[in-house]
Amino acid sequence: MKIFKITIFALTYLLFANVGMAITPQKQKIAQEKNKVMQKLQRTIKKTNFMDYVLQGERKTIVLRCTVNKNSKVVVRKIIGFDQNLMNAVSKQMEKNKIRTSTALCGEEFVLRVNFVKFDK
């Protein structure tokens with residue numbers, strides 16, 4: 001029984017030791033860089049002039065799919081939504097404000113869901 005307890009303790013120790021080693025500094029840097037890219041995407045989309053495309057009290061949603069190309073630039077792959085004019089405005093805004101990132105994120109895909117709402121004043 002004592003050998004069984006020691007074996008369980010040793011296996012548990014090894015399991016938790018490996019879990020702690022799974023997060024490397026490189027993975028942390030990549031995760032931080034992904035967060036920065038998402039924040040840049042959100043700031044760029046916020047600059048879109050959507051007042052002409054959304055009626056008072058109405059909500060329109062689009063989904064933006066972006067990929068980091070081999071030149072470390074974020075490129076829009078697909079914009080999904082129901083209002084073509086709003087999607088064109090977002091596309092123009094993304095073309096105007098190029099987002100660059102590190103080469104570590106080459107090939108990564110980002111998906112961002114954006115709600116456009118015009119409130120009553």
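The values are calculated or read from the model by the stated rules, or taken from the named source; none is laboratory data. This is a predicted model, so every value here is computed, not measured. In this analysis, Cβ positions are derived from the backbone assuming ideal geometry, glycine residues included, and neighbour counts consider all displayed protein chains.
Within segment 101-121, the residues that satisfy the criterion of being among the aliphatic types (A, V, I, L, M) and either more than 17 Å from Lys46 (Cα to Cα) or touching a Pro at 6+ places or on another chain (Cβ under 8 Å) (or both) are Ala104, Leu105. Scanning segment 46-73 for residues that are part of a loop (DSSP other than H, G, I, E, B) and free of Cβ contacts under 8 Å to residues at least 12 places away in the same chain yields a single hit, Asn71. Here Asp120 passes the criteria (1) among the acidic types (Asp, Glu); (2) surrounded by fewer than 10 Cβ atoms within 10 Å (Cβ to Cβ); (3) assigned to a helix (DSSP H, G or I) except the one numbered (3).
Which residue is nearest to Lys36 (Cα to Cα), if the candidates are limited to segment 99-117 and must be in a loop (DSSP other than H, G, I, E, B) and in contact with a helix residue (DSSP H, G or I) (Cβ under 9 Å, 6 or more places away or on another chain)? Can you show your working first?
Just the residues of segment 99-117 that are in a loop (DSSP other than H, G, I, E, B), to begin with: 99, 101-102, 106-108.
Retained after the next criterion (residues that are in contact with a helix residue (DSSP H, G or I) (Cβ under 9 Å, 6 or more places away or on another chain)): 99, 101-102, 108.
Details: Ile99: 10, Thr101: 9, Ser102: 11, Glu108: 13 Å.
So, considering only residues that are in a loop (DSSP other than H, G, I, E, B) and in contact with a helix residue (DSSP H, G or I) (Cβ under 9 Å, 6 or more places away or on another chain), the one nearest to Lys36 (Cα to Cα) is Thr101.
Scanning segment 76-100 for residues that are within 16 Å of Lys46 (Cβ to Cβ) and of a type in the set (S, T, N, Q) gives Ser91, Gln93, Asn97.
Would you point out the residue of segment 74-90, among those that are surrounded by 15 or more Cβ atoms within 10 Å (Cβ to Cβ) and not in a strand (DSSP E or B), that is farthest from the chain's Cα centre (by Cα)? Once the filter is applied, the top-ranked residue is Asp83. Can you find a residue in segment 55-64 that is out of contact with any strand residue (DSSP E or B) (no Cβ under 9 Å at 6 or more places or on another chain) and at pLDDT 90 or above? No: zero hits. The conditions are (1) out of contact with any Ser or Thr (no Cβ under 8 Å at 6 or more places or on another chain); (2) modelled with pLDDT of 75 or more; (3) not aromatic (Phe, Trp, Tyr), and Leu11 fails exactly one of them. Which is it? Against the list (1) out of contact with any Ser or Thr (no Cβ under 8 Å at 6 or more places or on another chain); (2) modelled with pLDDT of 75 or more; (3) not aromatic (Phe, Trp, Tyr), Leu11 comes up short only on (2).
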